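What follows is a short report on a single structure.
Each reported figure results from applying straightforward, stated rules to the coordinates on display, with no laboratory input. None of the values given here were measured: they were computed from a predicted structure. Because the Cβ atoms are built from the backbone with ideal geometry, glycine has one as well, and the counts that use them run over all protein chains shown.
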Amino acid sequence: MASHFSSIGIPLKSQEEFQAYFEKTFNKGEHIKVSKGTYIKWSMDSKVELWGQLNNKNEAIGLNPHFSGTARMRVRISEKVKNPDNTDLDGAFYAMTSPNGEEDGANGYPLVFDVPDIYTYGSIKLPQIANIQLSAFAHEIKGFESEEEYFNAQDSEIKFAVESFIPSGLFHPDGESTVPPEARAIFSGRIIDTEKCINRHTNEEYIWAKVTVMGDEIDVVADPEIIEGKLIKGGILSGSFWLSGRVIGDLVKEKKSFWERLLHK
């Protein structure tokens, strides 16, 4: 069965396998201490990452995948998003894309993306412009070799553009807002490059593609079993995805008050 893990060549089939990968991450990864616990980053290769989580009692509480690709996107981060159903070390950013560097994100579109190391950034100034690397883990995905094939596949009278983005994690099908918003999106884009990849630790195959969506780049990863059609360079892909991102470079920290500085908070 396809999952976020199988999208990067890790076909977890049981809770025991999940626990085994957490143990490997714990033993092989870099331990990063933060206020709420510890992140453990295991770079399985130059692109595939697993992020383990320990609470302050050194108990395992989570394990998240990430794909560190070459796509870059400029966004205006406006707030942190916390889901009470997730772990203490999980979190996301709400942002507006800002391909031209606009401070207000007026010409962009909104999105929420999970951040596997969000508490390593500490207290940051919001809003602020940042460069991010965004990966989209496919839930459903279709490939088209031409614009004609893409448009002919759409049955509805109103057709989506070749490059379109719907932040589906921000609202329910009935139009009501999702609270808290989730890191999900439906989008289509032009394929800049694509490659069949092998996870060198599992010898399992996964597919990567870099797409452009209205001036932004996104790394897409998918389990080959769920791909419909063909993903080719110069073609088009569309689908529904979970979004995971990391900030490239440093974020501006929030200035501490006099009393916080005095008390070394």
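Could you check how many percent of all C-alpha pairs in the range 83-145 are farther apart than 17 Å? The partial results should precede the final answer.
Working: 1046 of 1953 pairs.
Roughly 54 percent, once rounded to a whole number.
The order of the peptides 243-254, 183-194 by mean Cβ neighbours within 10 Å, most packed first, is 183-194, 243-254. Other residues within the sphere of radius under 10 Å centred on the Cβ of Trp242, judged by their own Cβ, net out at -1 (K and R +1, D and E -1).
All other residues with a Cβ under 12 Å from the Cβ of Asp114 taken together, and with Lys, Arg as +1 and Asp, Glu as -1, what is their net charge? Charge balance in the 12 Å sphere: +1. Going from the residue with the fewest nearby Cβ atoms within 10 Å to the one with the most, Ile8, Ile166 rank Ile166, Ile8.
Mind giving me the FRET efficiency for Glu17 and Leu126? R0 is 45 Å, r the Cβ-Cβ distance, nearest 0.05 is fine.
Numbers: r = 38 Å, r/R0 = 0.85.
Approximately 0.70, to the nearest 0.05.
With the highest mean first, a sort of the peptides 74-81, 123-130, 206-213 on other beta-carbon atoms found within 10 angstrom per residue produces 206-213, 74-81, 123-130. Projecting label points 7 angstrom from Cα along Cα→Cβ for Glu149 and Ser3 puts them 3.2 nm apart.
Which of Asn83, Pro224, Ile198 sits closest to the plus end of the dipole of the chain, meaning its Cα is farthest towards the positive end, when Lys and Arg get +1 and Asp and Glu get -1 on the C-beta? Value: Asn83. Count Lys and Arg as plus one, Asp and Glu as minus one, and take only other residues whose Cβ is under 14 Å from that of Leu231; the net charge is then -4.
Where does the Debye-calculated log10 I(q)/I(0) of the range 6-67 sit at q = 0.22, 0.30 Å⁻¹, using only Cα point scatterers of equal weight, no solvent? After summing over all Cα pairs, the log10 values are -0.87, -1.35.
Order of 47-56, 229-238, 170-179 by packing, highest average Cβ count within 10 Å first?
Descending mean neighbour count gives 47-56, 229-238, 170-179.
Rounded to the nearest 500, the 222 nm mean residue ellipticity of the chain from helices alone is -2500 deg cm²/dmol, with -39,500 (n - 2.57) taken per DSSP H run of at least 4 residues.
With neighbours defined as other Cβ atoms within 10 Å of a residue's Cβ, the residues Glu23, Glu16 order from fewest to most as Glu16, Glu23. Taking semi-axes √(5λ) of the Cα gyration tensor in Å straight from the coordinates, which label in (1) 26, 23, 18; (2) 31, 25, 16; (3) 34, 21, 18 is the correct one? Given (1) 26, 23, 18; (2) 31, 25, 16; (3) 34, 21, 18, the calculated one carries the label (2).
Helix 15-28: angle to the longest alpha-carbon principal axis of the chain, degrees 0 to 90, nearest 10? The helix 15-28 is inclined about 60 degrees to the chain.
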